[in-house]
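In what follows, a structure is listed as structure tokens, so that the remarks can point back to it.
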Amino acid sequence: MLEIFLKTLPFFAIIGVGYWAGRVKFFTPEATGYLTKFVFYFALSAMLFRFSANLSLAEILDWTYIVAYFWATALVYLIVTSVALLRWRSVEEAAIEAQCGVIGNVGFLGVPMLVLLMGENAIGPVMLILAVDLIFFGSLVVILITGSRDGRMSLGILKTVGTGLIKNPMIVSIVLGFAWSASAMPIPVPLNEFLSILGGAATPGALFAIGASLATKSAERMEVATWLSFSKLVLHPAAVAISALWLFAVDPYSASVMIAAAALPVAGNVYMIAQHYGVAPTRVSASILISTAASILTVSLVIGWVS
């Protein structure tokens, strides 16, 4: 377990350096925003395209895996939603809290860390989780918030969801990568090296950006934020473990990647959604801060267990 902790420590150390840079204003919020854009639109997209272009969709597409992850995630989603509604929160707030309970930082933290710690075979399973999170649960929160405000479903909501998916560079880069893979054309050496160099900036850049963005987060509504962090770091991986190992009998290695990914802290894009729609942004902010700090220990424990 100590060995796993020491392997994960450098990742969180880079987050810590980013946090320090943000706290002392060496990295301003504006600078953090531009770094996040660079990672999101360029470095991470290059990494995901290169990974998916060298994979075969037919080989990694595992519907049992997808159903196992979806079932467990939906269960925790319903639990967190129910707790919010029992506290007499609105549907909008319940939807945001549910996102905190199940959507982990797979893109910025999971892709680089799990691939390095668990091997390159983790790429396919991690991408499937990222796709489920972005396509289904990322769409669901928008539908619930806008539908609750409008009082009904409309074509406008579906248009908003569809536009959001098309503009998401992570989805676009994965789809284009698999399309290239399906063409059976090898990636030209100069292009492959270009993608390798640019994608290499994704890991340190993403981790630093996570830390710098945490420096601007506030820790208000601690009781609720602690519950949401517990849901993300404990309930979600526990539900995924039960689903993958006992209910659906997923391949052991793929199951281990799924459980490790489920143990990641609350994703930063949940805050973006909360801020965009004006729904409990400080609550989400505190959840990201608490879950990221606690995950230094919990992620190591989970990866050590599944390994």
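The values are calculated or read from the model by the stated rules, or taken from the named source; none is laboratory data. This is a predicted model, so every value here is computed, not measured. Because the Cβ atoms are built from the backbone with ideal geometry, glycine has one as well, and the counts that use them run over all protein chains shown.
Remarks
- Any hit, segment 232-244, residues being among the hydrophobic types (A, V, I, L, M, F, W, C), in contact (Cβ under 8 Å) with a residue 12 or more places away in the chain, in contact with a Phe, Trp or Tyr (Cβ under 7 Å, 6 or more places away or on another chain) and crowded, with 21+ Cβ neighbours inside 10 Å: yes
- Subset of segment 82-116 (residues that are farther than 15 Å from residue 272 by Cα and either in contact with a strand residue (DSSP E or B) (Cβ under 7 Å, 6 or more places away or on another chain) or surrounded by fewer than 18 Cβ atoms within 10 Å (Cβ to Cβ) (or both)): 82, 85, 86, 87, 88, 90, 91, 110, 116
- Residues that are assigned to a helix (DSSP H, G or I), modelled with pLDDT under 70 and touching a helix residue (DSSP H, G or I) at 6+ places or on another chain (Cβ under 7 Å) within segment 151-170 comprise 157, 160, 161, 164, 165, listed in sequence order.
- Of all the numbered requirements in (1) within 17 Å of residue 290 (Cα to Cα); (2) touching a residue at least 24 places away in the same chain (Cβ under 8 Å); (3) not hydroxyl-bearing (Ser, Thr, Tyr), residue 273 misses one, and that requirement is (1).
- For segment 211-221, the criterion of being within 24 Å of residue 127 (Cβ to Cβ) and either in contact with a helix residue (DSSP H, G or I) (Cβ under 6 Å, 6 or more places away or on another chain) or surrounded by fewer than 23 Cβ atoms within 10 Å (Cβ to Cβ) (or both) is met by at least one residue.
- Selected residue [more than 29 Å from residue 275 (Cα to Cα), part of a helix (DSSP H, G or I), modelled with pLDDT under 85 and of a type in the set (Gly, Ala, Ser)] from 181, 254, 243, 213: 181
- The condition of being of a type outside the set (Gly, Ala, Ser) and surrounded by 16 or more Cβ atoms within 10 Å (Cβ to Cβ) does not hold for residue 24.
- Subset of segment 84-105 (residues that are among the polar types (S, T, N, Q) and assigned to a helix (DSSP H, G or I)): 99
- Out of 41, 69, 65, 77, one residue alone is touching a Pro at 6+ places or on another chain (Cβ under 6 Å) and touching a residue at least 60 places away in the same chain (Cβ under 8 Å). It is 41.
- Any chance residue 35 is among the aliphatic types (A, V, I, L, M), more than 16 Å from residue 292 (Cα to Cα) and not in a helix (DSSP H, G or I): no
- The one condition from (1) crowded, with 19+ Cβ neighbours inside 10 Å; (2) within 19 Å of the chain's Cα centre (by Cα) that residue 42 does not meet is (1).
- Counted residues, segment 47-57 - those being surrounded by 22 or more Cβ atoms within 10 Å (Cβ to Cβ) and either aliphatic (A, V, I, L, M) or part of a loop (DSSP other than H, G, I, E, B) (or both): 3
- Qualifying residue in segment 122-129 (condition: surrounded by fewer than 18 Cβ atoms within 10 Å (Cβ to Cβ), in contact with a helix residue (DSSP H, G or I) (Cβ under 6 Å, 6 or more places away or on another chain), part of a helix (DSSP H, G or I) and at pLDDT below 95): no
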